[in-house]
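Q: My structure is below; once you've seen it, I'll send some questions.
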Amino acid sequence: MRLTDVRHQDRAISILRRALRSGRTHHAYLFDGPEGVGKELTARGLAARLLCGDESLEPDADACGRCPSCKLLATGNHLDFHLIHRGLHKFHPDSTIRSSKGLFLSVNLIRHFLIEPAGMKPTQGPRRVFLIRDAERMNEEAQNALLKTLEEPPGSACLILVTASASRLLPTIRSRCQRVPFGLLPPDFVAGELEARLGLSAANARALASLAGGRLGVALLWHRIGLLDALDAVGGCVDRLPAGDPEAFGKTLVELATELALRTRQQADEEAPAEAEEGTTKSAGKIVSTDELRTALKLVMLLVASLYREALVVKSGAAALCSLAGQQPRVEQLAAGTTLDRLDECIRGVNEAERTLDRNVMPQLVCERLAVALLGELPVSG
Ligand SMILES: [Zn+2]
């Protein structure tokens, strides 16, 4: 857990190193930027440095990695490092809260796992560090309850709020934190990491990196849920479209999205091993919530759009810029059978379908309408 391991986030890292150098680290940070670009890795690097027990280090050096504090942190057993996340509700002393769904960071959770321990003396080192994952999941009550702790953290506690949606935090929360901005990663770097870490072929790594658009963490998750296979399945649906069965198209898309939603949930469960302890339940069953389905359908829409976008690139004579190598024959066929304007209309049709999903229209219906729009039987926009 070293700040040095964070790549391509020079601005964020330099803000933090400067603070460490001056000996004036802020008591509350807001790590703000897209999902999957290294915010939590950075937060852990900062936490490690703040908790490290090696006093001979330069102030802005990385944590030593060898002292008892660093070792405890690496094994996830440091009593002064607190990871605040939604799954914690399963460990709350109140059984009503334990049996809740844990959809957000509630005020009860924030009080018990953050505000109260922040008021206690650190057990092992000079301070306590709290990392709040998906901080925007705090509801308004929880955010309001946190204000005082943010204003005057007891002792030398450090709070690191990590979020990809800072706009969902109250302005009063944002203004009390030092903002540390994170940006997208270079696509070539993401593709290189996917090749090295997962052993993907260069073509598949490039495809996944391009779909995830500079978000390595997102690309890694998408690999685990089998997104490139889903892309192929979506391609099959697009192939069958000219036969003109919007209902079948809609049904397959919804099925695909359901499958992706289930696999995403499974991944989330696997990433939170602590939650598998005795007396707790994993998110059970094969039923996906409306929210999960909507999120997964947006992902499916992104796949549909990516095929039409790629066809547009081919049609514009820039085939060398294509990134979905595995879809090449399909994309070329798509491009050959139509015009640039029509492809552009199709992409707008997908965007429109995505917006309709947010208006609570039935997913199956949204997908059927999309099929009709892609077939070109109806004007896509008014
Ligand atoms: Zn250390």
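Just so it is clear, none of the values below were taken in a lab; they were calculated from the coordinates. Because the structure is predicted, anything quoted here is derived from the model rather than measured. Methodologically, a virtual Cβ is constructed for each residue, glycine included, from the backbone with ideal geometry; neighbour enumeration extends over all protein chains shown.
Q: Consider a paramagnetic label point 7 Å from the Cα of A268 along Cα→Cβ; state which residues of region 210-225 have an amide N under 18 Å from it.
A: The answer is 217-225.
Q: Show me 345-351, 97-103, 327-333 ranked by packing, highest mean number of other Cβ atoms within 10 Å first. Working shown, then result.
A: Values: 345-351: 20.1, 97-103: 14.4, 327-333: 17.1.
Taking the mean over residues of other Cβ atoms within 10 Å, the ranking is 345-351, 327-333, 97-103.
Q: Taking Cα centroids, how far is region 162-182 from region 323-350 in Å?
A: Cα centroid to Cα centroid, the span is 39 Å.
Q: State the extension gain, in nm to one decimal, for the chain segment bounded by A319 and K298, taking 0.36 nm per residue of separation less the distance between their alpha-carbons. Spell out each step's value before the answer.
A: Numbers: separation 21, 0.36 × 21 = 7.56 nm, distance 2.61 nm.
Between A319 and K298, full extension yields 4.9 nm more.
Q: Can you give the angle from 0 to 90° between the axis of helix 10-22 and the longest principal axis of the chain, with both taken from C-alpha atoms, to the nearest 10?
A: It works out to around 0 degrees.
Q: Report the paramagnetic label zone for S22: residues of region 55-77 whose backbone N is under 16 Å from a point 7 Å from Cα along the Cα-to-Cβ axis.
A: Once the point is set 7 Å along Cα→Cβ of S22, 59-60 turn out to lie under 16 Å by backbone N, inside region 55-77.
Q: Go through region 33-116 and name the GluC sites (Glu not before Pro) that are in a DSSP coil and have 13 or fewer other Cβ atoms within 10 Å of their Cβ. Before the final figure, lay out each step's value.
A: Values: sites: E35, E40, E55; in loops: E35, E55.
Here the sparse-neighbourhood loop sites are E55.
Q: Separate question: For the chain, just say rounded, prolate or oblate: build the C-alpha gyration tensor, square-root its eigenvalues into a ≥ b ≥ c, call rounded for a/c under 1.5, and beyond that prolate if a/b exceeds b/c, oblate if not.
A: Numbers: a/c = 2.36, a/b = 1.77, b/c = 1.34.
The shape class here is prolate.
Q: Once fully extended, how much extra length lies between L241 and T339, figured as 0.36 nm per residue of separation less the alpha-carbon to alpha-carbon distance?
A: Details: separation 98, 0.36 × 98 = 35.28 nm, distance 1.67 nm.
Gain on stretching L241 to T339: 33.6 nm.
Q: Would you check the chain for Lys pairs whose C-alpha atoms are within less than 30 Å, ignoring same-chain pairs closer than 8 in sequence, and give me the count?
A: 29
Q: Can you give the calculated 222 nm mean residue ellipticity of the chain, where each DSSP H run of n ≥ 4 adds -39,500 (n - 2.57) and the sum is split over every residue, rounded to the nearest 500 deg cm²/dmol? Mind dumping the intermediate values first?
A: Working: 16 runs with 197 residues, N = 382.
Result for the chain, helices only: -16000 deg cm²/dmol.
Q: To the nearest 10 degrees, how steeply does helix 140-151 sit against the main Cα axis of the chain, on a 0 to 90 scale?
A: The angle comes out near 40 degrees.
Q: Exposure proxy check: I160, I225 ranked by fewest other beta carbons within 10 Å?
A: On the way: I160 26, I225 19.
Ranked by crowding around the Cβ, least crowded first: I225, I160.
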